[in-house]
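Enquirer: Below is one structure. I have some questions about it.
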Amino acid sequence: MRDAGAALCCNSAVPFSLLSDADAAGRLAALLDSAMDAIISIDERERIVLYNRAAEQTFGWRSDQVMGQPLSMLLPERFRAGHAAHVKHFAATGVTSRRKGEGMVLYGLRADGSEFPMDASISQIDTAEGKVFSVILRDVTERVKARQDLARFATEASAIREQEKTRVARELHDELAQSLTALKMDAIWVRDHLERDPAASAQKLADMLDMLDESVAATRRISADLRPLVLDDLGLVPAIEWLVQNFTQRHGVPCALDIDQSLDLGEPHATAVFRMVQESLQNVAKHARAHRAWVRVARERREIVLEVRDDGAGFETQAARKPQSLGLVGLRERAQLLEGTVRIDSQPGQGTRVQARIPLPGADA
Ligand SMILES: Nc1ncnc2c1ncn2[C@@H]1O[C@H](COP(=O)(O)OP(=O)(O)OP(=O)(O)O)[C@@H](O)[C@H]1O
Ligand SMILES: [Mg+2]
């Protein structure tokens, strides 16, 4: 078997020149080889001077194949130029260590030409022979896949939730039709008995009023929470118009609507836009004490932009989230599932503006 320790000692003269004896270098090499993460060091010219066993497994190249070679051989072509600039910048900063690619995915290139996502951190030390950069990296294919699975699961879960709501909305509709039928029969009964039996008729009317009150209350309560059939039956634009009218009627706050009348979105985009406007208007009603509100839904290039604004109380956007507050979290989640973004501008006393941008399907950014 190849002696990794020996290979490291002789090939990696720069880092180990710090070590006085061969024994210490051997122990360090063994330690590096036992690491779970790939560890690669390069000199100032970006030549590989150290390459541990995990790196061999990760990239599929043996140590003797990469020693002295440029680091760029381990990166997909399209990242090579950017990477070199990155290392130069890092060297210039003099920072000793940094995690690379926070918030973005880096890719490595295997010997067989396949690519994989990786997590990397870089550190630098100054030696007598110049700077040595060490990169510690890990194949995160599994993690990236898990995240994608989770996103897919969330999309499915949200589709199921919407289906369920549509079903309940229809049930409600049918049930309401039933109580209306019962009320009609009662009304006929009253018409036919009014003269003959006024006392019984009065009692019947009292029952009918109770039933009406119950139906109205139930309809209000449930329909506030449900997807209105109008979204299915008439499409997004009338559904948003309905939301806005409903908001003004219930809360007495005038609300201007600026909506692109030709907007015709498919699912899941239509539901997402509807829900985001709904939640934002609910927030205006609940928290803003506004005099006016504005809703805008438009297509801008290859995005759909929606904006809900009020001139009310505003709030501290940096403040910690109240544990029971789920509205804005849900709003961001909806946007993220569709690869969109949400921006909230607010300050106490300055009103609030919620803006979401969602790329349209089939549109490459
Ligand atoms: N238009 C607004 N005007 C003033 N404050 C707002 C507005 N929108 C949101 N807020 C503030 O942000 C907080 C978080 O809003 P969010 O919608 O997440 O939760 P919530 O409305 O309190 O509860 P939920 O939406 O879960 O019923 C609110 O409690 C409120 O303090
Ligand atoms: Mg809310």
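The values are calculated or read from the model by the stated rules, or taken from the named source; none is laboratory data. Since we're looking at a predicted model, the values are computed, not measured. Glycine also receives a Cβ, built like all others from the backbone with ideal geometry; neighbour counts cover every protein chain displayed. For the accessible areas, the whole protein counts, side chains as well, though only heavy atoms, and no ligand, DNA or RNA atoms are used. Shrake-Rupley method; radii C 1.70, N 1.55, O 1.52, S 1.80 Å.
Enquirer: Quick one: which residues, 5 or more positions from residue 108 or on another chain, have an amide H under 5 Å from its amide H? H modelled 1.01 Å from N in the peptide plane, none for Pro or chain starts.
Expert: Placed amide hydrogens put 116, 118 under 5 Å from residue 108.
Enquirer: What shape does the range 231-364 have by the C-alpha gyration tensor, where a ≥ b ≥ c are the square roots of the eigenvalues, rounded means a/c under 1.5, and otherwise prolate means a/b greater than b/c and oblate the rest? Don't skip to the answer; put the middle values down first.
Expert: On the way: a/c = 1.84, a/b = 1.28, b/c = 1.44.
Because a/c hits 1.5 or more and a/b fails to exceed b/c, the range 231-364 counts as oblate.
Enquirer: Probe radius 1.4 Å, ligands and nucleic acids left out: which of 195, 241 has the largest accessible area, and how do the rest follow? Mind showing how you got there, number by number?
Expert: Values: 195 175, 241 60 Å².
Highest to lowest solvent-accessible surface, that is 195, 241.
Enquirer: Go through the range 131-145 residue by residue and turn each phi into a ³J(HN,Hα) via Karplus (6.51, -1.76, 1.60, θ = phi - 60°); whole Hz please, and just put x for glycine and proline.
Expert: Result, rounded to whole Hz: 6, 10, 9, 10, 10, 10, 9, 9, 6, 10, 3, 4, 5, 5, 5.
Enquirer: Once you list every other residue whose beta carbon is under 12 Å from the beta carbon of residue 331, what net charge do they have if Lys and Arg are +1 and Asp and Glu are -1?
Expert: On the way: positive: 275, 332, 334, 343; negative: 279, 333.
Here the count lands on +2.
Enquirer: Roughly what would the spin-label model give for residue 111 and residue 347, points 7 Å off Cα along C-beta, in nm?
Expert: Result: 6.0 nm between the two label points.
Enquirer: Using label points projected 7 Å from each Cα along Cα→Cβ, tell me how many nm separate residue 199 and residue 47, to one decimal.
Expert: Computed distance between label sites residue 199 and residue 47 equals 11.3 nm.
Enquirer: Give me the percent of accessible area attributable to carbon and sulfur for the range 31-141, probe 1.4 angstrom.
Expert: Values: 3040 of 5630 Å².
The C+S portion of the solvent-accessible surface of the range 31-141 is 54 percent.
Enquirer: Which of the three applies to the range 279-326, rounded, prolate or oblate, going by the alpha-carbon gyration tensor with a ≥ b ≥ c and a/c under 1.5 meaning rounded? Don't skip to the answer; put the middle values down first.
Expert: On the way: a/c = 2.42, a/b = 1.50, b/c = 1.61.
Oblate, because a/c is 1.5 or more while a/b does not exceed b/c.
Enquirer: I need to check one value: relative contact order of the range 231-364, counting alpha carbon pairs closer than 8 Å and at least 6 residues apart, in percent. Display every interim value, and only then the final one.
Expert: Values: 224 pairs, mean separation 29.9, N = 134.
Relative contact order comes out at 22 percent.
Enquirer: With r defined as the distance between the Cβ atoms of residue 77 and residue 321 and R0 fixed at 51 Å, what FRET efficiency is calculated, to the nearest 0.05?
Expert: Working: r = 43 Å, r/R0 = 0.85.
My answer for the efficiency is 0.75.
Enquirer: Could you compute the FRET efficiency for residue 91 and residue 69, with r as their C-beta to C-beta distance and R0 at 22 Å, rounded to 0.05? Mind dumping the intermediate values first?
Expert: Numbers: r = 20 Å, r/R0 = 0.89.
For residue 91 and residue 69, the calculated efficiency is 0.65.
Enquirer: For a quick check of your reading of the filter: which GluC sites (Glu not before Pro) in the range 271-365 sit in a DSSP loop and have no more than 16 other Cβ atoms within 10 Å?
Expert: On the way: sites: 279, 300, 303, 307, 316, 333, 339; in loops: 316, 339.
Within the range 271-365, the qualifying GluC sites (Glu not before Pro) (loop, at most 16 other Cβ atoms within 10 Å) are 316, 339.
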